Amino acid sequence: MRTLVLNAGYEPLGVVSFKRALILVLNQKATVLAGAGELEVHSATETLKLPSVILLSRYVRVPNTRKIPVTRRGVLRRDGWRCAYCSKAANTIDHVQPKSKGGTDTWDNLVACCFRCNNQKSDQTLHELGWELKVTPKMPTGMQWLVRGVERVEPEWDVFLGLPTAA
């Protein structure tokens, strides 16, 4: 079970284990804003509901530079684990403009790709192959991309991350 941590300004800081969240709450360094349903932890003397979202008592400054780092997992997640060339299941990433031809490791130049398309494309440009991208690669936006550990969002977090809730 994971817990979303907010600073005193209600800005998401990251995700911690439920154990770390309980320690922060028990030491009065945080308060519980949302529970994880009916899940509980039992000790010898107490029964505590698992926290899903906690609010830190002291304000923790969020850095102003909120640039999303490029990672393999991030590119695959951004593209929905689908190949940018054939739309089949992706299991690797590819440089649209090959590194040997001046391509860089940026959100705009990396796409999710299946092994077959990656091997066919090899060290060539899309123009050389006559291929087109099915998606336009760009840096993802939104709070869920800025907070470390929010690859899988719990339903209780939606309101705190500014995500649309299911009706």
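The values are calculated or read from the model by the stated rules, or taken from the named source; none is laboratory data. This structure is a prediction, so every number in the text was calculated from the model and none was measured. Cβ: placed from backbone, ideal geometry, glycine included. Neighbour counts: every protein chain shown.
Within the range 5-24, can you find the residues that are farther than 18 Å from TRP157 by Cα and either surrounded by 14 or more Cβ atoms within 10 Å (Cβ to Cβ) or under 17 Å from the mean Cα position of the chain (by Cα) (or both)?
The one that is farther than 18 Å from TRP157 by Cα and either surrounded by 14 or more Cβ atoms within 10 Å (Cβ to Cβ) or under 17 Å from the mean Cα position of the chain (by Cα) (or both): LEU24.
Could you grab me the full set of residues in the range 104-128 that are free of Cβ contacts under 8 Å to residues at least 12 places away in the same chain and of a type in the set (Asp, Glu)?
Result: GLU128, single match.
Of all residues being loosely packed, with under 13 Cβ neighbours inside 10 Å and of a type in the set (D, E, K, R) in the range 39-63, which is modelled with the lowest pLDDT? Just the residue, please.
Taking the candidates together, the pick is ARG61.
Consider ARG2 carefully, then state whether it is farther than 30 Å from LEU133 by Cβ, surrounded by 12 or more Cβ atoms within 10 Å (Cβ to Cβ) and either in contact (Cβ under 8 Å) with a residue 40 or more places away in the chain or basic (Lys, Arg) (or both).
Working: farther than 30 Å from LEU133 by Cβ: yes; surrounded by 12 or more Cβ atoms within 10 Å (Cβ to Cβ): yes; either in contact (Cβ under 8 Å) with a residue 40 or more places away in the chain or basic (Lys, Arg) (or both): yes.
Spelling it out, ARG2 is indeed farther than 30 Å from LEU133 by Cβ, surrounded by 12 or more Cβ atoms within 10 Å (Cβ to Cβ) and either in contact (Cβ under 8 Å) with a residue 40 or more places away in the chain or basic (Lys, Arg) (or both).
Give GLY74, GLY80, GLY103 a once-over and let me know the one that is modelled with pLDDT of 85 or more, in contact with a His (Cβ under 7 Å, 6 or more places away or on another chain) and either surrounded by 15 or more Cβ atoms within 10 Å (Cβ to Cβ) or not in a helix (DSSP H, G or I) (or both).
Working: GLY74 fails: in contact with a His (Cβ under 7 Å, 6 or more places away or on another chain); GLY80 fails: in contact with a His (Cβ under 7 Å, 6 or more places away or on another chain).
Matching residue, one of GLY74, GLY80, GLY103: GLY103.
Which of the residues that make up the range 106-122 are in contact with a Leu (Cβ under 9 Å, 6 or more places away or on another chain) and part of a strand (DSSP E or B)?
Correct list: VAL111, ALA112.
Within the range 76-103, work out how many residues are in contact with a helix residue (DSSP H, G or I) (Cβ under 7 Å, 6 or more places away or on another chain) and free of Cβ contacts under 8 Å to residues at least 24 places away in the same chain.
The qualifying residues number 1.
Looking at ILE54, ILE93, which one is among the β-branched types (Val, Ile, Thr), part of a strand (DSSP E or B) and closer than 30 Å to GLU128 by Cβ? Write out each step before concluding.
Details: ILE54 fails: closer than 30 Å to GLU128 by Cβ.
Step by step, each of ILE54, ILE93 is checked, and only ILE93 is among the β-branched types (Val, Ile, Thr), part of a strand (DSSP E or B) and closer than 30 Å to GLU128 by Cβ.
Quick check on my filter: what residues within the range 33-59 are among the hydroxyl-bearing types (Ser, Thr, Tyr) and out of contact with any helix residue (DSSP H, G or I) (no Cβ under 8 Å at 6 or more places or on another chain)? Step through it out loud before you land on a result.
Narrowing the range 33-59 to residues among the hydroxyl-bearing types (Ser, Thr, Tyr): 43, 45, 47, 52, 57, 59.
Those that are among the hydroxyl-bearing types (Ser, Thr, Tyr) and out of contact with any helix residue (DSSP H, G or I) (no Cβ under 8 Å at 6 or more places or on another chain): SER43, THR45, THR47, SER57, TYR59.
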